[in-house]
1. Kindly check whether there is at least one residue in the range 27-47 that is within 17 Å of Val189 (Cβ to Cβ), out of contact with any Asp or Glu (no Cβ under 6 Å at 6 or more places or on another chain) and without any contact (Cβ under 8 Å) to a residue 24 or more places away in the chain.
2. Regarding the range 174-187, can at least one residue be identified that is within 19 Å of Gly64 (Cβ to Cβ), among the polar types (S, T, N, Q) and not in a loop (DSSP other than H, G, I, E, B)?
3. Restricting attention to the range 205-221, which residues are touching a residue at least 40 places away in the same chain (Cβ under 8 Å) and touching a Lys or Arg at 6+ places or on another chain (Cβ under 7 Å)?
4. Tally the residues that are within 19 Å of Val198 (Cβ to Cβ) and exposed (fewer than 13 other Cβ atoms within 10 Å of the Cβ), restricting the search to the range 8-22.
5. Take residues that are within 21 Å of Ala220 (Cβ to Cβ) and at pLDDT below 95 and tell me which of the strands (runs of 3 or more DSSP E) falling wholly in the range 22-121 contain 3 or more.
6. If we keep just the residues of the range 195-210 that are touching a helix residue (DSSP H, G or I) at 6+ places or on another chain (Cβ under 9 Å) and β-branched (Val, Ile, Thr), which is surrounded by the most Cβ atoms within 10 Å (Cβ to Cβ)?
7. I'd like the residue in the range 80-126 that is closer than 13 Å to Val189 by Cβ and polar (S, T, N, Q) and, out of all such residues, is surrounded by the fewest Cβ atoms within 10 Å (Cβ to Cβ).
8. Specify the residue that is farthest from Gly86 (Cα to Cα); the eligible residues are those in the range 1-20 that are without any contact (Cβ under 8 Å) to a residue 24 or more places away in the chain and assigned to a loop (DSSP other than H, G, I, E, B).
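The values are calculated or read from the model by the stated rules, or taken from the named source; none is laboratory data. Given the structure is predicted, the values throughout are model-derived calculations rather than measurements. Neighbour counts are summed over all protein chains in view; Cβ atoms, including those assigned to glycine, are modelled from backbone coordinates with ideal geometry.
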Amino acid sequence: MAGVFSFTEDSSVLLWTGNPDCQATHDEILSFLTDHCQPFPKSAKNGDNILRGNLGETIVFCLGKSERFGDECLGHFANALRPFSGKSNPELDLLWVHFGATPNDDWAVLQEIKTTAAQSITYATNLIDDFDKLFGTNARLTLHTRIQDFKNRLEFEQNRPASLIRRANQLCGTSPPACPRVRLLPTVVHDSTAVDVVETMLLVRETLSSKSWSDVEPWAVGLSSLDDRLVRLARGQS
């Protein structure tokens, strides 16, 4: 799938779109869904917020896997691999973890995603609250709990060595400044006609940075006719 997304950068916001066009990207994502996520809900229709959000996560997963993280990262993905489940799990949307040559070379990327077809993407400011939960009062949603879920999968599902699992602990601090090897990727999937993408995502970045996160890279993924496109994807249609 490599090469079916491209980006430009505007004021530190990465603006992703289809390459060479949105339909080419649509067809590649449809192929991924066909191979990994069937059966398709043929009755899918506009207005299904859970389906919209889950498919947004699938699109961003495909983007990250093909353009940024490839096979060098392990991960944990809340809804991206089961977008048609009918529910949205409250875990971190996408977690990418890279184990380097030494523990000092390890890093993690935490990605929360909002999907909206509205002309204004102000809905994406809810990404701030999503990341605030990493050190919030709900123990189920903290960074430590989410890393623990990841470690359990490494140990009991993938049979990774204990030494590697222990290294994941070192990525978790007790506050944002104590997580220097964690990058936040607040991400919005939006209709390509949206009018306030850069301004909104800059606000998200500036707010998260003011909370002492040291590395924040906002992404905006713009696709044409988004709501219609998501319905066609859900129905297995090109």
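1. Yes, the range 27-47 has at least one match.
2. yes
3. Those that are touching a residue at least 40 places away in the same chain (Cβ under 8 Å) and touching a Lys or Arg at 6+ places or on another chain (Cβ under 7 Å): Glu217, Pro218.
4. Looking only at that region, the number is 3.
5. none
6. Restricting to residues being touching a helix residue (DSSP H, G or I) at 6+ places or on another chain (Cβ under 9 Å) and β-branched (Val, Ile, Thr), the top hit is Val204.
7. Thr116
8. Pro20
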